[in-house]
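Take a look at the structure set out below.
What follows draws every value from the coordinates through simple rules; no lab data is involved. Bear in mind that the values here come from a model prediction, so they are computed numbers and not experimental data. Please note: Cβ atoms are built from the backbone with ideal geometry, for glycine as well, and neighbour counts cover all protein chains shown.
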Amino acid sequence: MRNIIKNNFLLPLLALSCLLLLEPTAHAEQTENYQTVQDIRLRGQLRVAAMAEPIYPFTMQKDGAWRGYDVDLANRIATAIGVPLNWDATYHSNAELIAALKQNKADIAFSRIKRDLKSARQIHYTKPYITLNYVLLTNRMRIMAQRPGDESIQALSNLPLQIGTLDHSVYLNMAKQRFPAGRISVFADIASLHAVLKAGRIDAAFCDEVEAKYLFIEHAELGIRFGYIALPELKSGIVAMVDWPQQHWLAWLNLLLEPSSGNTTVNQLFLNHY
Amino acid sequence: MKSAPEAVQAYSLDWLKSPVVILIAMIVGILAGLFFPAFSHMIAPVGAIYLKLLQMTIIPILMTALITSVGRLFSSESARHYIVKIIVSSLIFLFTISLLALLVSLLVGPGEDLSKEAQILLGKTLNAADQSDGGTQPGTSRGFFDFLQSMIPSNVFQAMGEGSNLSILFFSLVLGVATGKIGGSTAHHILNFTDALFKVLFKIISWIMYLLPFGLFSLLASELASTGAETLVAMAKFVAMIWGISLLIILLDTVVLCMATRRTPLVVLSAMKESMLIAFGTSSTFASMPAAIDGLTGDKLKMSPDIINLVIPLGAVINRFSMIIIYTSATVFAAQLYGISLSVPDLALTLVLSVLAATAGAGAPGIVSIAMVSIVLIPLGLPAQAITILLLAINPIIDPIVTLANIYTNVTLSAVIAASEKSSHTAAA
């Protein structure tokens with residue numbers, strides 16, 4: 001009887017002990033990347049990871065230096081902490097930005113980031129510092145070819161439109177929800193989406209208002225061929241990213257970013273930073 | 001016993017009604033609008049007050065003119081004959097104007113070969129309009145039963161208060177017909193009363209006419225000061241074409257009017273000058289209606305008041321020649337802008353739909369009427385919303401001339417009907 005008890009309990013106890021031994025290691029890996037605002041101050045610089053490609057009007061190169069709304073915001077954060085800004089725009093994808101945060105190569109990541117369910121498993125998003133509406137850019141003639149009763153958004157919502165959008169869960173879900181009768185196709189980036197729209201291969205493009213403005217910014221005459229329908233009931237927040245364990249840093253950032261959220265319009269953005 | 005000598009008037013204000021003074025006021029108003037926009041905006045209330053004074057008389061004049069003329073018409077044996085003549089003549093005029101506007105538009109090609117700068121300006125205008133308040137919603141066509149419903153007032157006093165011209169027209173016609181059918185002394189008393197009231201209202205109009213130079217000066221100045229120059233530049237060809245079509249129509253109308261009244265062009269223009277100036281200065285057919293009636297029935301042209309008092313108010317509400325010019329031209333412009341070639345069936349559809357849309361918009365305010373261009377554009381697969389935005393942008397510049405063409409064509413139509421009635425009576429005698 002004693003042997004049975006001994007044998008039946010010893011193995012699970014051994015396994016549990018191994019787990020207990022491992023767990024602090026895992027915990028140690030998490031707390032290794034834990035930092036506070038004070039830690040950043042002591043390090044002597046705020047390290048920002050950003051995309052190498054400019055994203056107007058959030059990040060762009062002007063006179064050899066990085067400028068834009070996100071750069072201004074990063075500078076504001078650095079000034080509030082009391083350290084200089086180190087803007088590292090050498091990354092080419094969202095995955096690379098996340099890796100930089102996780103490897104402690106950056107304190108925060110910018111570049112007109114939108115919240116994504118997949119990424120949210122690995123990092124923390126700040127509260128939105130700008131809120132954008134979603135927009136439907138329409139090819140006026142292709143829409144009219146479908147003989148809608150009128151050109152209101154209510155009428156268009158019921159048509160089997162060919163709608164292009166970005167390959168991002170938020171865009172795709174919102175487009176499907178808003179246009180249940182539409183045939184949605186995805187594109188890698190906004191440049192491809194605009195190219196397809198201009199080529200007349202889709203009826204409409206679903207994107208945010210900054211992305212919509214890109215179409216007209218250098219080619220205002222496109223306003224003749226392409227319509228712009230705002231969808232104010234659908235909103236998108238622009239956020240920054242910090243690594244998962246950095247609760248204090250995140251809380252401090254949200255406190256700093258809170259006054260600026262919702263105060264800037266897209267037109268002001270382009271006026272001030274483009 | 002000698003009678004007391006007549007008091008000599010120490011001064012006369014008739015010089016204020018002189019065409020020279022009015023023309024000077026208009027030119028100065030245009031210059032002020034172009035070069036002194038701040039001042040022009042400041043004096044805008046003067047024009048608004050003048051317009052309100054004119055509008056104050058419109059509904060009573062519309063009602064008394066229609067009740068009196070329809071009442072007299074239906075008390076005679078030849079009512080049906082008149083009605084058929086009015087309908088047939090109106091249709092001929094409506095389709096002729098539509099055809100004329102279509103042919104000139106195709107000839108001029110307002111949307112073809114636009115410069116890059118013009119395209120950029122148009123693109124900016126459309127984009128800005130789309131992004132503000134969600135853009136302009138295109139007008140939707142009213143169904144036939146909706147149209148009928150809108151025509152019949154549930155409360156005639158409410159319709160008068162709201163200025164619902166179509167409802168007032170309907171009520172006045174019904175009241176006039178009923179009065180005519182009753183006949184006898186009852187009809188006689190009612191029609192005498194409405195006729196007397198009509199004359200009193202014209203006295204009021206004659207007083208208001210003294211303020212015409214001030215009103216025109218202010219209205220033109222403030223309108224021009226509010227007009228966006230960019231869109232105007234981009235659509236200069238279209239605007240010039242609308243002016244050209246309108247002036248051509250006015251020229252043809254003058255020829256027909258001279259034939260109908262058997263007067264020289266100088267006499268005709270002199271008789272109609274007040275209504276033409278009011279139409280141009282106020283961009284309001286209704287505001288110019290009393291002067292148009294006065295011009296035709298006055299000493300110079302001496303047309304039958306019974307016909308004129310019926311056809312002019314009726315035409316002012318239903319025969320919207322101005323909108324036909326705009327709808328037809330805008331359709332051709334839209335097709336050319338978007339690189340669509342209009343086939344013969346498309347052109348025929350444009351012709352017919354322009355007339356139907358103009359009639360369907362009877363009683364609708366200006367902005368709603370412009371948006372009803374969608375009735376013509378949507379069946380042809382052309383973007384109505386974009387074209388509506390552009391038309392609204394240039395409306396302050398084209399409105400004066402198309403309104404002038406509108407009232408003048410209504411005047412010509414009335415004169416033609418009155419003249420044909422006169423010759424019928426002469427032939428019968």
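Size of the range A:174-259: Rg and Dmax of its alpha carbons, in Å, are 17.3, 50.
Computed over every Cα-Cα pair of the protein assembly as shown and binned at 10 Å starting from 0, the pair-distance distribution P(r) comes out as 3, 12, 18, 17, 14, 11, 9, 6, 4, 3, 1, 1, 0, 0, 0, 0 percent. From most to least packed by mean Cβ count within 10 Å, the peptides B:390-403, B:170-183 give B:390-403, B:170-183.
Counting, for every residue in B:116-129, the Cβ atoms of other protein chains within 10 Å of its Cβ and taking the mean gives 5.
Here the calculated FRET efficiency for residue A:127 and residue A:188, from their Cβ-Cβ distance with R0 = 45 Å, stands at 0.95, rounded to the nearest 0.05. For residue A:256 and residue B:116, the FRET efficiency from 1/(1 + (r/R0)^6), where r spans their Cβ atoms and R0 equals 60 Å, is about 0.85. Comparing B:363, A:212, B:18 along the charge dipole axis of the protein assembly as shown, the residue lying farthest to the positive side is B:363, per the Cβ-charge model. For chain B, averaging the sequence separation of C-alpha pairs within contact (under 8 Å, six or more residues apart) and dividing by the residue count gives a relative contact order of 30 percent. Around the Cα centre of the range B:283-429, unit charges on the Cβ atoms of Lys, Arg, Asp and Glu (plus for the first two, minus for the last two) sum to a dipole of about 60 debye. Counting only alpha carbon atoms, the long axis of helix B:305-318 and the longest principal axis of chain B meet at about 20°.
Over 17 Å, how big is the tail of the calculated P(r) for the range B:345-388, in percent of all Cα pairs?
Pairs farther apart than 17 Å: 28 percent.
Compactness ratio of the range B:24-66: Cα Rg over 2.2 N^0.38 Å, N = residue count?
That works out to 1.60 for the range B:24-66.
Multiplying the residue separation of residue B:20 and residue B:341 by 0.36 nm and subtracting their alpha-carbon distance yields 110.9 nm. Helix B:19-35 axis versus longest C-alpha principal axis of chain B: approximately 30°, rounded to the nearest ten. In summary, the lysines within cross-link reach of residue B:300, defined as a Cα separation below 26 angstrom excluding same-chain residues under 8 places away, comprise B:17, B:85, B:199, B:203, B:273, B:422.
With the alpha-carbon atoms as the only input, what is the per residue convex hull volume for the range B:158-240 in Å³? Can you show the working numbers first?
Details: hull volume 14.6 nm³, N = 83.
Considering the Cα atoms of the range B:158-240, their hull volume per residue is 176 Å³.
Derived from the Cα gyration tensor, the three semi-axes of the equivalent ellipsoid of chain B are 37, 27, 21 Å, largest first.
Using C-alpha pairs under 8 Å with a sequence gap of at least 6, the mean separation divided by the residue count of the range A:39-137 gives a relative contact order of 34 percent. Between residue B:12 and residue A:235, the FRET efficiency from the beta-carbon distance, with R0 = 56 Å, is close to 0.25.
In the elastic network of chain B, a GNM with C-alpha springs shorter than 10 Å, the most mobile of B:250, B:190, B:312 is B:190. Residue by residue along A:215-223, Cβ atoms of other protein chains within 10 Å of the local Cβ number 6 on average. Listed by chain and number, the aspartates and glutamates placed with their C-alpha closer than 12 angstrom to that of residue B:237 are B:112, B:113; residues fewer than eight positions away on the same chain are left out. Say a paramagnetic label sat at a point 7 Å from the Cα of residue A:95, along Cα to Cβ; which residues of the range A:51-65 have their backbone N under 19 Å from it? Under cut-off, by backbone N: A:51-53. The coefficient of translational diffusion for the range B:202-333, derived via Stokes-Einstein from the alpha carbon Kirkwood radius under 10 °C and 1.306 mPa s, stands at 96 µm²/s.
For the range A:81-232, rounded, prolate or oblate, judged on the Cα gyration tensor with a ≥ b ≥ c (square roots of eigenvalues), a/c < 1.5 rounded, else prolate if a/b > b/c?
prolate
Computed from the Kirkwood radius of its Cα pairs, the Stokes-Einstein diffusion coefficient for the range B:64-109 at 20 °C and 1.002 mPa s stands at 167 µm²/s. If the Kirkwood radius is taken over C-alpha pairs of the range B:210-282, then at 25 °C and 0.890 mPa s the Stokes-Einstein diffusion coefficient equals 169 µm²/s. As a proxy for reagent exposure, A:207, B:258 were ordered by neighbouring Cβ count within 10 angstrom, fewest first; the result is B:258, A:207. Axis angle, to the nearest 10 degrees, between helix B:184-208 and the longest C-alpha principal axis of chain B: 60 degrees.
Given a cut-off of 21 Å, name the pairs among A:198/B:116; A:213/A:235; A:62/A:105 whose C-alpha atoms lie farther apart than that in the structure shown.
Over 21 Å apart, Cα to Cα: A:62/A:105.
The order of the peptides B:261-268, A:244-251, B:212-219 by mean Cβ neighbours within 10 Å, most packed first, is B:212-219, A:244-251, B:261-268.
Per residue, the convex hull spanned by the Cα atoms of the range A:55-122 amounts to 102 cubic angstrom. Mean partner shielding of peptide A:227-236, defined as the number of other chain Cβ atoms within 10 Å of each residue Cβ, is 3.
Helical content alone sets the calculated 222 nm signal of chain B at -26500 deg cm²/dmol, taking -39,500 (n - 2.57) per DSSP H segment of four or more residues and averaging over every residue. When you filter the trypsin sites (Lys or Arg not before Pro) in the range A:166-253 for DSSP loop state and at most 13 other Cβ atoms inside 10 Å of their Cβ, you are left with A:201.
Residues whose amide H lies under 5 Å from that of residue A:185, counting only those 5 or more places away or on a different chain, are A:163, A:164, A:165; hydrogens are built 1.01 Å from N in the peptide plane. Across all Cα atoms of the range B:24-104, the radius of gyration (one decimal) and Dmax (whole number) stand at 21.1, 59 Å.
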